[in-house]
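Heads up: the structure comes next, in structure tokens.
The values are calculated or read from the model by the stated rules, or taken from the named source; none is laboratory data. Just so you know, these numbers come straight off a predicted model, no measurement behind them. In this analysis, Cβ positions are derived from the backbone assuming ideal geometry, glycine residues included, and neighbour counts consider all displayed protein chains. Protein only, heavy atoms only, side chains kept; ligands, DNA and RNA dropped before computing areas. Shrake-Rupley method; radii C 1.70, N 1.55, O 1.52, S 1.80 Å.
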Amino acid sequence: MKKSKKVSYAITVRNLSKSFKLPTDKSWGLKQAILNRIKGIKGYKKQEVLKNLNFKVKKGEFLGIVGRNGSGKSTLLKILSEIYVPDKGTIKVNGTLVPFIELGVGFNPELTGKENIYLNGAMLGFSNSEMDKMYDDIVEFAELEPFMHQKLKNYSSGMQVRLAFSIAIRARGDILILDEVLAVGDAAFQEKCNEYFRNLKGNQTVIIVTHDMENVRRFCDRAILLEDGKIIEDGKPDKVADAYLKLF
């Protein structure tokens, strides 16, 4: 009898929940706080953003996370990237994680493009020697070699997007997390990015948030649909994309 192959997981999420406290009173003085407490007014309301999520991501899997605005997608990515801390639940990450969630986070406009590559690398946990090995690949993919010694403040917004995206996908982490970034740069650069994703072939784990169901169908091995902070569909990209479109 043939033994079944053991599945390796890049990320395991168990019983994950996250909420935020939203202020209901604009008066934040000590006197007002005391009066509110006496009256039994908390001064905030609790918004539950993610509610007891459970899922696993296989190594080499391309996972799409979809849902309407406010469903909790970006909050989930920020928790996976250790930007937010969950209220409860556990996350097990097996490998080096590289997030590309908000353009410009970690960039310093007074530093050159080259200096910003090394700065971003350090923030992602890579040493200078590791970044030395990645540097040429990052610059080549971004197509910005003539500009690497110019200050970032002189870059156009499109050039900054290309540099940030190239760092994210060329910094050789095991897990890549992306938030709405498949439409970066001009048409030629978009096609270059699409070609990169088409050629991954299980060599890297990718988690992407997107509203573009065509990209979900084209690139993803699996997708998860969030609604009101809960997973309401988890499975084949076509099935999840169809379920998403039925929400509107």
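For the stretch 206-230, filtering for residues that are at pLDDT 95 or above and either open to solvent by 50 Å² or more (accessible area, probe 1.4 Å) or not aliphatic (A, V, I, L, M) (or both) leaves 8.
Quick one: how many residues across the stretch 5-16 are open to solvent by 20 Å² or more (accessible area, probe 1.4 Å) and of a type outside the set (Phe, Trp, Tyr)?
To start, the set of residues in the stretch 5-16 that are open to solvent by 20 Å² or more (accessible area, probe 1.4 Å) comprises 5-9, 14-15.
Of the ones still in play, those that are also of a type outside the set (Phe, Trp, Tyr) are 5-8, 14-15.
So the count comes out to 6.
Scan the stretch 62-73 for residues that are surrounded by fewer than 20 Cβ atoms within 10 Å (Cβ to Cβ) and touching a Lys or Arg at 6+ places or on another chain (Cβ under 9 Å) and the total you get is 0. Every condition in (1) open to solvent by 20 Å² or more (accessible area, probe 1.4 Å); (2) closer than 22 Å to ALA168 by Cβ; (3) assigned to a helix (DSSP H, G or I) holds for GLY202 except the one numbered (3). Screening the stretch 74-190 for helices (runs of 4 or more DSSP H) wholly inside it with 3 or more residues that are loosely packed, with under 15 Cβ neighbours inside 10 Å and more than 13 Å from the chain's Cα centre (by Cα) returns the ranges 128-142.
Restricted to the stretch 231-244, and to residues that are open to solvent by 40 Å² or more (accessible area, probe 1.4 Å) and among the β-branched types (Val, Ile, Thr), which residue is farthest from ASP174 (Cα to Cα)? Even if it seems obvious, please write down each step before you answer.
In the first step, residues of the stretch 231-244 are kept if they are open to solvent by 40 Å² or more (accessible area, probe 1.4 Å); the result is 231-234, 236, 238-239, 242.
Those left that are additionally among the β-branched types (Val, Ile, Thr): 231-232.
Numbers: ILE231: 25, ILE232: 28 Å.
Looking at the filtered set, the residue picked out is ILE232.
For the stretch 41-58, the count of residues that are at pLDDT 95 or above, assigned to a strand (DSSP E or B), surrounded by fewer than 14 Cβ atoms within 10 Å (Cβ to Cβ) and charged (D, E, K, R) is zero.
For the stretch 162-183, the count of residues that are closer than 23 Å to VAL216 by Cβ and among the aromatic types (Phe, Trp, Tyr) is nonzero. Of the residues making up the stretch 225-247, those that are in a loop (DSSP other than H, G, I, E, B) and either touching a residue at least 12 places away in the same chain (Cβ under 8 Å) or of a type in the set (Asp, Glu) (or both) number 4.
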